[in-house]
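Just below is one structure, and these are the notes that go with it.
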Amino acid sequence: MSYYIDIIDKESPDTKLDYRFASASGITLEWNGGDAKDEVLIVGTNLKYDILTTSAEDLAFVEFFTGNENRFLVQVKKSSDDGILWQGYLLPDQYSEPYKNGAFFVSFIASCGLGRLKGKYLPDEYYEREKSVIAILCQIIKMTNLGLDVFFAPAIENSVQKDWNQIFIDTADFKEKEKKNDAYKILETLLKDKQCVVYQADNRWYIEGL
């Protein structure tokens, strides 16, 4: 099965970026984890790839050198039917180019967005009102800005209430002496409590039991 990478400028989504060639070993999709599923609960993914330039000029792809973490959407697609296998955003300020003449490959990294949840905070209502477990998880995943479906399959279930949409928790616990926990910390806490791991695969988010 063959694949290709589509790069979409969210500020000009109808404009196709015409970059054609990568090196033979220049595309790698990495899941950041260990050998066992329970070693890391938040399994972020990175796509590392390069693009050939023959212009013999510095800053060949300077338009990718942006501080906007949600501008360039990178998608891995199947050549057979254009089905999306993975997507993420080009990491800001990660544009890497060798300073030499002639043809060379410029390196980039795109991220699924789980790691970028560090330092981001939920709306105020998620620190002061009761919310269902599903509502909290979906709000956190929504902050990756990918808009993917979430599949939830926990390892444990409540003996009284089987529907996780109806299981509410006090979100005031997400504050410690008025200091809010960020989205990454809250996600990590919920995953530990529910004995789950989160990752992206097949263009979906999976939150499943260990």
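Odds and ends about this structure:
- Net charge of neighbours whose Cβ lies under 14 Å from the Cβ of ASN203, counting Lys and Arg as +1 and Asp and Glu as -1: -2
- Pairwise label distance in nanometres, PHE61 with ARG204, each label 7 Å out on the Cα-Cβ vector: 3.1
- Carbon + sulfur, % of accessible area of the chain - ligands and nucleic acids excluded, 1.4 Å: 45
- Matching label, Rg and Dmax of the Cα atoms in Å computed from the structure shown, candidates (1) 18.8, 68; (2) 22.1, 75; (3) 19.7, 68: (3)
- For LYS194, a cut-off of 27 angstrom between C-alpha atoms picks up these lysines, skipping any fewer than 8 places away in its own chain: LYS37, LYS118, LYS120, LYS131, LYS142, LYS162, LYS175, LYS177, LYS179, LYS180, LYS185.
- Exposure of TRP86 as accessible area (Å², to 10), given a probe of 1.4 Å and all protein chains: 0
- With at most 11 neighbouring Cβ atoms within 10 Å, loop GluC sites (Glu not before Pro) (DSSP) excluded, longest segment of the chain: 58-177
- Heavy-atom accessible area per residue - region 123-210, 1.4 Å, Å²: 55
- Dipole magnitude of the chain, debye to nearest 20 (Cβ charges: Lys/Arg +1, Asp/Glu -1, about Cα centre): 160
- If both residues of a DSSP beta bridge must be in the chain, then about 85% of such bridges are antiparallel.
- Based on Cα contacts under 8 Å between residues 6+ apart, the chain shows a relative contact order of 22 percent.
- Förster radius 30 Å - calculated FRET efficiency between THR54 and ASN145, Cβ distance, rounded to 0.05: 0.35
- Solvent-accessible surface (1.4 Å probe) assigned to PHE72 amounts to roughly 10 Å².
- Stretchable slack from THR28 to LYS192, in nm (0.36 nm times residue separation minus alpha-carbon distance): 56.1 nm
- Of GLN75, GLN161, GLN139, the residue with the greatest mean-square motion in the GNM of the chain, using alpha carbon springs below 10 Å, is GLN161.
- Neighbourhood charge, 12 Å Cβ-Cβ cut-off, centred on VAL150 and excluding it, Lys, Arg +1 and Asp, Glu -1: 0
- Note on LYS177 and GLN161: the model spin-label points, each 7 Å out from Cα along the C-beta direction, lie 3.2 nm apart.
The values are calculated or read from the model by the stated rules, or taken from the named source; none is laboratory data. Owing to the predicted nature of the structure, the values given are computational and were not obtained by experimental measurement. Ideal geometry is used to build each Cβ from the backbone, glycine not excepted, and the neighbour counts take in all protein chains shown. Side chains included, ligands, DNA and RNA excluded: accessible areas come from the protein's heavy atoms. Shrake-Rupley method; radii C 1.70, N 1.55, O 1.52, S 1.80 Å.
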